[in-house]
Amino acid sequence: MATNITWHAGLTHDERSKISGQKGLTIWLTGLSASGKSTIATALEQHLLHYGINAYRLDGDNVRFGLNKDLGFSEADRNENIRRIAEVAKLFADSTTVAITSFISPYRADRDTARKLHDDAKLPFLEVYVDVPVEVAEQRDPKGLYKKARAGLIPEFTGISAPYEEPLKPEVHVHSDKASVEESVKQIADYLVAQGLIKKLE
Ligand code: ADP
């Protein structure tokens, strides 16, 4: 084995942050299917990018069909799905990007695991509860999933035949049946500014 190799510890998160001029963090959106997670995540990503803050969204489309395409919907696979998303979000956050995840993530234990991964790495983690009554979500049903679930075609569908465990202390609680997409985005962005996680947007 070569003896003339020096191990480089690499930049610390703070050093990277100083160079990029922004802090990294993960914004973890959770809520029922059709609660508005993807819609709000997309608008939030655009909003932050518009103000020069690097942000990146992780959702079913870019994760389930790539990194996690080997996973199904058994309990073990669902846990592994969330664990991998949390690990990837953490890497984005460590790279000083604002990672925005939009997954139902119905189980408290899974969300707590995601939070702990970030806590251990000293990276900020915000749980955002996108709250909507199941009746409203079912009425929206943009992908026709509730209809299929009611017809018994999708077993263990969150909110219909599988539980959704509400966050007990989300950092931000948005009500997508009362607030517009823009208002929800503003609520999240205002929280980030108030916590000193992003610069004032102007
Ligand atoms: P999820 O990612 O939680 O499954 P989506 O964002 O894919 O939800 O779908 C939510 C649907 O609800 C979209 O068709 C969106 O246009 C609609 N919608 C209506 N009002 C709102 C609102 N105030 N906030 C978010 N989404 C809303």
Considering the Cα trace of the chain, what is its radius of gyration and what is Dmax, both in angstroms? 18.2, 66
Angle between the chain longest axis and helix 37-50 axis [Cα atoms, degrees, rounded to 10]: 30
Compute the angle between helix 181-194 and the longest alpha-carbon principal axis of the chain, please, reported from 0 to 90 degrees and rounded to the nearest 10. 30
Could you work out the helix-only [θ] at 222 nm for the chain, with each DSSP H run of four or more residues adding -39,500 (n - 2.57) and the total divided by the number of residues, to the nearest 500 deg cm²/dmol? -12500 deg cm²/dmol
Distance between modelled label sites at residue 134 and residue 17, nm, 7 Å Cα→Cβ extension: 4.1
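Ignoring the sites themselves, what is the longest stretch of the chain with no trypsin sites (Lys or Arg not before Pro) in a DSSP loop and at most 11 other beta-carbon atoms within 10 Å? Each step should come with its number before you reach the end.
Details: sites that count: 69, 122, 143, 178, 200.
The answer is 1-68.
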Please report 51, 107, 146 as a ranked list, fewest other C-beta atoms within 10 angstrom at the top and most at the bottom. 51, 107, 146
Separation between the residue 141 and residue 79 pseudo-spin-labels, each 7 Å from Cα along Cα→Cβ, expressed in nm? 3.3
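Between residue 65 and residue 3, what length comes free when the chain is fully extended (0.36 nm per residue of separation minus the Cα-Cα distance, one decimal in nm)? Write down the numbers at each step before the final one.
Working: separation 62, 0.36 × 62 = 22.32 nm, distance 4.22 nm.
Between residue 65 and residue 3, full extension yields 18.1 nm more.
Read-outs: derived from the displayed coordinates by stated rules, not from any lab. Quick caveat, the model's predicted, so the values are computed rather than measured. Quick reminder, even Gly has a Cβ in these numbers, built from the backbone with ideal geometry, and neighbours come from all protein chains shown.
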